[in-house]
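J.: One structure follows; several queries about it will come next.
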Amino acid sequence: MSDAVRVSVIVIGDEILGGFVQDTNSGWLARRLQQLGHPLDRVTTVPDSLEAVDEALTTELARPRPRLVLTSGGIGSTPDDLTFEAVARHLGQPLRLEDTINERITAALSWTEQQGMSVTADHERSMRKMAMIPEASYLLAGTPGFVPGVAVDVDGGCRTPDGATIVVLPGVPELLQRIFTDAVEPELLAGLGRPQHVVELRHPYPESTLTPVLDRIVEQYPDVHLGSYPGAECTIRLKGERSRVEAAAVLVDDYLAELSSDPAARRLSEAWQARWR
């Protein structure tokens, strides 16, 4: 299969919706997926609720496939960490004890005791919870620690045309990034991406000044993704197949050259810049 895998991200956490913690994971994943050539369709943030996670999974798994659904957060030892249970419920699966994670938790508890701290039954119970994963899920290789990457395939998994894979990732950015680069990329995405060529052009005019040439790009190069972002220095971003993007960029360059030779356009640029000072 040569098609890129489409991706959805579900960010889970009351602390994010409450404004106490800023979500940096989705931005990092978006940049990484862009480099790998896998389109990120949606980023959805939901509370620590079984119903909310179920609703988000239903929506994202109904989108075009092949698809990778990444969840971030909610897999710790506290009562509000419900992601494994939510995924299992959504798929109609029981939870099972994962031996590798359980062994790592045993080692962590032993280390705690070696530091002179007693491990109560409640403490151990909360830790063992992290080893209870959906029955059909599996560990991604290359992820040490008792918070590894856990994946479960749906309809054959994301490496099949009509399949999807749910990957449950921790919310801690350092752990999420390590698991994604060391395990998700090589095991689930390798060889499937279609990296897109990106060109950014900047100009000193109001954004609307470039509308005529942007309309031409939409008409002549509908396969090129076009974005325009205003500011003191406006940015035009073109993304797609290299030859098409480069051809579209020529249109913008030629239009900017025409503007630079127009006295009225120069005055407009000077006035626009003055408004930002």
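The values are calculated or read from the model by the stated rules, or taken from the named source; none is laboratory data. Values in this document were obtained by computation on a predicted structure and should not be read as measured data. Here the Cβ is made from the backbone with ideal geometry for all residues, glycine too, and neighbour counts use every protein chain on show.
J.: Pick from region 81-119 the residues that are touching a helix residue (DSSP H, G or I) at 6+ places or on another chain (Cβ under 7 Å) and in a loop (DSSP other than H, G, I, E, B): which of them is modelled with the highest pLDDT?
T.: Pro94
J.: Going by the structure shown, is Leu268 in the same structural domain as Thr211 (by TED's automatic domain parsing), of a type in the set (A, V, I, L, M), closer than 14 Å to Pro212 by Cα and in a helix (DSSP H, G or I)? Reasoning before the result, please.
T.: Details: in the same structural domain as Thr211 (by TED's automatic domain parsing): yes; of a type in the set (A, V, I, L, M): yes; closer than 14 Å to Pro212 by Cα: no; in a helix (DSSP H, G or I): yes.
Judged against the criteria, Leu268 is not a match.
J.: Being within 30 Å of Glu246 (Cβ to Cβ) and either at pLDDT below 95 or assigned by TED's automatic domain parsing to the domain that holds Glu241 (or both) narrows it down to one residue among Leu175, Leu214; which is it? Please lay out each step first, then the result.
T.: Values: Leu175 fails: within 30 Å of Glu246 (Cβ to Cβ).
Only one candidate qualifies: Leu214.
J.: Out of the residues in region 16-60 that are in a strand (DSSP E or B) and not hydroxyl-bearing (Ser, Thr, Tyr), state the one that is farthest from Val198 (Cα to Cα).
T.: Of the residues in region 16-60, the ones in a strand (DSSP E or B) are 40-46.
Filter once more, so that each one left must be not hydroxyl-bearing (Ser, Thr, Tyr): 40-43, 46.
On the way: Leu40: 16, Asp41: 18, Arg42: 20, Val43: 22, Val46: 31 Å.
Selected residue: Val46.
J.: Let me ask something else about it. Quick one: in region 208-234, of everything that is out of contact with any helix residue (DSSP H, G or I) (no Cβ under 9 Å at 6 or more places or on another chain) and part of a helix (DSSP H, G or I), which residue is farthest from Pro39 (Cα to Cα)?
T.: Here the residue is Ser208.
J.: Please give the number of the condition Thr112 fails out of (1) touching a Leu at 6+ places or on another chain (Cβ under 9 Å); (2) more than 19 Å from Glu187 (Cα to Cα).
T.: (1)
J.: What residue, among those in region 173-227 that are exposed (fewer than 14 other Cβ atoms within 10 Å of the Cβ) and among the hydroxyl-bearing types (Ser, Thr, Tyr), is nearest to Ala4 (Cα to Cα)?
T.: Residue satisfying both the conditions and the ranking: Thr181.
J.: I'm trying to understand the selection: among the residues of region 9-24, which are in contact with a helix residue (DSSP H, G or I) (Cβ under 8 Å, 6 or more places away or on another chain) and either of a type in the set (Gly, Ala, Ser) or free of Cβ contacts under 8 Å to residues at least 60 places away in the same chain (or both)? Lay out the reasoning, then the answer.
T.: Initial filter on region 9-24 (in contact with a helix residue (DSSP H, G or I) (Cβ under 8 Å, 6 or more places away or on another chain)): 9-12, 21-24.
Hits for region 9-24 are Val21, Gln22, Asp23.
J.: Give me the pairs, please: first residue somewhere in region 190-206 and assigned to a loop (DSSP other than H, G, I, E, B), second residue anywhere and hydrophobic (A, V, I, L, M, F, W, C) and loosely packed, with under 13 Cβ neighbours inside 10 Å, beta-carbon distance under 8 Å, and either six or more positions apart or on two chains.
T.: Leu192/Met1; Pro204/Ala232
J.: Just need a number here: residues in region 145-167 that are under 14 Å from Ile101 (Cα atoms) and touching a residue at least 40 places away in the same chain (Cβ under 8 Å).
T.: Matching residues across region 145-167 total 5.
J.: If you don't mind, there's one more thing I want to ask. For the subset of region 27-43 comprising residues that are under 23 Å from His90 (Cα atoms) and crowded, with 18+ Cβ neighbours inside 10 Å, which member is modelled with the highest pLDDT?
T.: First, the residues of region 27-43 that are under 23 Å from His90 (Cα atoms): 40-43.
Still in the running and crowded, with 18+ Cβ neighbours inside 10 Å: 40, 43.
Working: Leu40: 94, Val43: 98.
Result: Val43.
J.: Is it fair to say Tyr255 is over 20 Å from the mean Cα position of the chain (by Cα), closer than 30 Å to Arg65 by Cα and either surrounded by 14 or more Cβ atoms within 10 Å (Cβ to Cβ) or touching a residue at least 40 places away in the same chain (Cβ under 8 Å) (or both)?
T.: Working: over 20 Å from the mean Cα position of the chain (by Cα): yes; closer than 30 Å to Arg65 by Cα: no; either surrounded by 14 or more Cβ atoms within 10 Å (Cβ to Cβ) or touching a residue at least 40 places away in the same chain (Cβ under 8 Å) (or both): yes.
Spelling it out, it is not the case that Tyr255 is over 20 Å from the mean Cα position of the chain (by Cα), closer than 30 Å to Arg65 by Cα and either surrounded by 14 or more Cβ atoms within 10 Å (Cβ to Cβ) or touching a residue at least 40 places away in the same chain (Cβ under 8 Å) (or both).
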